[in-house]
Every structure is written in C-alpha cells, then in structure tokens.
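The next block holds one structure in the form of structure tokens; read it before the comments.
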Amino acid sequence: PSAIGTYTLTLTMQQGFEHYHITNNTTTLTVVYFEGEGTSISPYIIRNLVDFYYIDQYMHFEESDATIDSRAYLGTNRREATFKQQADILLDASFTPIGARGDGYTNEFMGTYNGNGYEIIYPNTFVANGDFGVFLNVNGALITNLGVRLNVRAIESLEDNSNIGFVVANAENSGIRS
C-alpha cells in the first residue's frame, strides 16, 4: 500500500507447496497513519511535523459522509480520537491550522490532544489575515499540556469578527488546560 486506506489481500500458495492449504485466503488490510488506537489508553502518537499535519486528514468530514463516510476505514472514533505529542514540533512555512471549515466540509478538531509538556514552535512571524490558532476550530475538544511558541501579526484590514488565539481561534464546548 502506498497510502492510508483499505486494501483486500488474496493469498496463494507458491508452486511446489500444493500439499499446504490456506483456509482463509482473502483478508482486508487497513492502513492508518498513526501508531496507537486513538483511545485514552492507546492514543495516536504525534512524533513530528508530518504526524501533526496528518491530524487534519483524520478530522476531515464532508456533509455527504453523514450517510456514507468515505474515511470510515480510519475508525469510527477518528473524529473524537486522542492524540499524544512525543516531542517539540517545529512548524514550517507551509503550516495551516488544524481544523478548517469550508463549503460542505468540516475538519473541526473534536478529540483530545495531550501536548505531554512539549511545544509547537514557529520561529518566524505568522501574518494573520483572518482567524488564526494552532487549532482553528474545535468543538467538544480537550487540549492539555501543550506549549505554543510563536509570533502572530494581524494585518490592519483584519475584520472585527476574526479570532486570533495562540492555541485555538474558535472553540465550542471545549477545554484548554495545562
């Protein structure tokens, strides 16, 4: 497999081993990105920037997914999954906040993120031209033990209804604590 998803595997015996038989020659293989199970006992492990970016892939949910979830193979708990950071993460210039909303989809972060005492760091200055936070939209989420070290500069034409927060820009029914 070259990407996350569900794959069907069919096993056959090698020539010369005909006296052996496979009783169940077809199985389904599910490839997920994170180590762990996304539970409080076995959280998804975030070790680096790539891991951190993949959180958004797990949160993505399209309105059409309400009847057939195109990412169901990631697990029914993916939108409420638990993540645990294992090292400081240095953001790069391609960073976009976790949890965007758009026309017909949401990536709201709805799970638990334990920073485990580590930091999210951006060494330069972000120029905010709208809502900004490491997590853009959270709903029913809990973010704990996370340090954030970054500089944000809001542009002068920023609308009054824009929300800028270092950890979270927009939160509903959520908690942030150390």
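On the given criteria, is residue 130 within 17 Å of residue 57 (Cβ to Cβ), modelled with pLDDT under 80 and over 15 Å from the mean Cα position of the chain (by Cα)? Here the answer is no, as residue 130 does not meet what is asked. When you check residue 148 against the structure, is it closer than 14 Å to residue 97 by Cα and modelled with pLDDT of 90 or more, yes or no? Taking the combined requirement at face value, the residue satisfies it. In the set 68, 41, only one residue is more than 30 Å from residue 125 (Cα to Cα), modelled with pLDDT of 85 or more, surrounded by fewer than 14 Cβ atoms within 10 Å (Cβ to Cβ) and hydrophobic (A, V, I, L, M, F, W, C); that residue is 41.
The number of residues in the stretch 38-58 that are acidic (Asp, Glu) and either in contact (Cβ under 8 Å) with a residue 40 or more places away in the chain or within 12 Å of residue 114 (Cα to Cα) (or both) comes to 1.
The values are calculated or read from the model by the stated rules, or taken from the named source; none is laboratory data. Here the structure is a predicted model, which means the values were calculated and not measured. When we count neighbours, we look across all protein chains shown, and the Cβ atoms used for this are built from the backbone with ideal geometry, even at glycine.
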